[in-house]
Amino acid sequence: MVDWVLLSNLGTALGTTVLAVATFISTRSANRSARLAERALLNGLRPILLPSNSSDAPQKVRFMEGKWMVVRGGHAALEISDNAVYLLMSVRNAGAGVAILHGWHLPPDSRAPLSPVEEFHRLTRDIYVPANDAGFCQVAIRDPESADFRNAIAGAAGEGFAVDVLYGDAEGSQRVVSRFFITPGPAGAGHDDDVDWLLMVSRHWNLDLPAPRG
């Protein structure tokens, strides 16, 4: 004799299981689609700073105390006095999103590990570098007794020095530190007998995402 009640219960259980599996698969698919959409959005906002091209136009920038400096494409401008070091770097944003500069740090040498973000000096002005366009980063060291001042002086008198630049995207996330290196160019390459300060980049550290080189 057929136990219709048992068969009904089995059918109900089977239907519930199938519905649960279908719901699980649908949820996983939706979550995966959401993650892909989020990743695409983040990729569209991600900046990456490099030295600007030598063909980029010169930029004239004002410092807080009213001092003006001019920097050419692909170069840095450096002025040193007894009381201050002024550095201006011509950079280009090769990323898809605008770069918002947060701060800077001078490592003791170009091979030093990345310092904690808390040790970076925050910029006193908002600097935005548009996507696929040139911009600038300015550094002013006004304490002659600081390690930053001594590192800059020693580097400028030798083969150069590094500057770590901290920046992020327009949402304040996807923070990156790019290590730039300022080095004197070949003798006689400067204008009016000035030193021709060349700008290079050696490392990029992602602070909120996996490292670019794994």
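Kindly indicate the residue of the range 98-137 that is of a type in the set (A, V, I, L, M, F, W, C) and within 23 Å of Ile153 (Cα to Cα) and also farthest from the chain's Cα centre (by Cα) among those meeting that condition.
Ala112
When you check Arg122 against the structure, is it assigned by TED's automatic domain parsing to the domain that holds Asp169 and in contact with a Gly (Cβ under 6 Å, 6 or more places away or on another chain), yes or no?
Yes; evaluated as a whole, the condition is true for this residue.
Checking the structure you have, find out if any residue of the range 114-126 is assigned to a strand (DSSP E or B) and surrounded by fewer than 15 Cβ atoms within 10 Å (Cβ to Cβ).
yes
Can you tell me which condition Arg142 does not meet? The list is (1) within 27 Å of Gly185 (Cβ to Cβ); (2) among the basic types (Lys, Arg); (3) exposed (fewer than 12 other Cβ atoms within 10 Å of the Cβ), and all the others hold.
(3)
Taking the residues in the range 74-94 that are outside any strand (DSSP E or B) and more than 17 Å from Phe181 (Cβ to Cβ) as candidates, determine which candidate is farthest from the chain's Cα centre (by Cα).
Asp82
I'm trying to understand the selection: among the residues of the range 53-67, which are in contact (Cβ under 8 Å) with a residue 24 or more places away in the chain and either touching a His at 6+ places or on another chain (Cβ under 8 Å) or assigned to a strand (DSSP E or B) (or both)?
Once the filter is applied, which keeps residues that are in contact (Cβ under 8 Å) with a residue 24 or more places away in the chain and either touching a His at 6+ places or on another chain (Cβ under 8 Å) or assigned to a strand (DSSP E or B) (or both), the range 53-67 yields Gln59, Val61.
Taking Leu198, is it under 24 Å from Ile80 (Cβ atoms), out of contact with any Pro (no Cβ under 6 Å at 6 or more places or on another chain), surrounded by 15 or more Cβ atoms within 10 Å (Cβ to Cβ) and in contact (Cβ under 8 Å) with a residue 40 or more places away in the chain?
Here the answer is yes, as Leu198 does meet what is asked.
The values are calculated or read from the model by the stated rules, or taken from the named source; none is laboratory data. Keep in mind that this is a model prediction, so the values were computed, not measured. We place every Cβ from the backbone using ideal geometry, glycine too, and count neighbours over all the protein chains shown.
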